[in-house]
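One structure is given here, and the rest of the page talks about it.
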Amino acid sequence: VLGLLSARAAPAFAGKAAGVLPKVSGILLIVSLAPMLWAAWGPITAQMTNFTVAAIAGFIAVGLLAGHLLGGPRGEDRTALALATATRHPGVAMAVLNALGSDPGDVVPVVILYLLIGSVATIPYLRVRRAAAGAAGN
């Protein structure tokens, strides 16, 4: 909402901020995740079995494919839906598992592992999509 309002009130400022804010938010995200990763690293590595990593990677690959194929004719829409489908929402997963009575100590490391693998696994897809967007723009 603040972005929309600032774009109306001060378009020049909003344009400059739009270039800087994603970088700042990315840095803040990494800084805020570092203590959580440090504290949960033991339980996370305990979940890193061959099957767990393969299952997560497969789930992410299927999500990318499904989102890409169902994303419609526009490349931007395909990419957005593929990423949204592959990464899902970790907060919802934790809330559902908590409602089902799962122990958060068992759930949180797996969700963090999913996010880490998803962050790495989507890099090749994003590179291909950027190259395709660049080729289409030329």
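Below, the figures for the structure above:
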| read-out | value |
| --- | --- |
| Region 66-115, residues that are of a type in the set (S, T, Y) and over 16 Å from A55 (Cβ atoms) | T79, T85, S102 |
| Count of region 1-52 residues which are open to solvent by 80 Å² or more (accessible area, probe 1.4 Å), under 16 Å from V111 (Cβ atoms) and not in a helix (DSSP H, G or I) | 1 |
| Test: T122 is of a type in the set (S, T, N, Q), open to solvent by less than 70 Å² (accessible area, probe 1.4 Å) and either under 26 Å from A136 (Cα atoms) or touching a residue at least 24 places away in the same chain (Cβ under 8 Å) (or both) | yes |
| Some residue of region 60-73 being open to solvent by 70 Å² or more (accessible area, probe 1.4 Å), within 29 Å of P104 (Cα to Cα) and under 17 Å from the mean Cα position of the chain (by Cα) | yes |
| Breaking point among (1) of a type in the set (A, V, I, L, M); (2) over 27 Å from G3 (Cβ atoms); (3) touching a residue at least 12 places away in the same chain (Cβ under 8 Å), for A39 | (3) |
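Yes/no per residue for (1) charged (D, E, K, R); (2) surrounded by 13 or more Cβ atoms within 10 Å (Cβ to Cβ); (3) under 19 Å from G71 (Cα atoms); (4) at pLDDT below 85:
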residue: T85; (1), (2), (3), (4): no, yes, yes, no
residue: R88; (1), (2), (3), (4): yes, yes, yes, yes
residue: A99; (1), (2), (3), (4): no, no, no, yes
residue: V111; (1), (2), (3), (4): no, yes, no, yes
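The values are calculated or read from the model by the stated rules, or taken from the named source; none is laboratory data. Treat the numbers as computed from the prediction; the structure is a model and nothing was measured. Positions of Cβ are generated from backbone atoms using ideal geometry, with glycine treated the same way; all protein chains shown enter the neighbour counts. Surface areas here come from the heavy atoms of the whole protein model, side chains and all, with no ligands, DNA or RNA. Shrake-Rupley method; radii C 1.70, N 1.55, O 1.52, S 1.80 Å.
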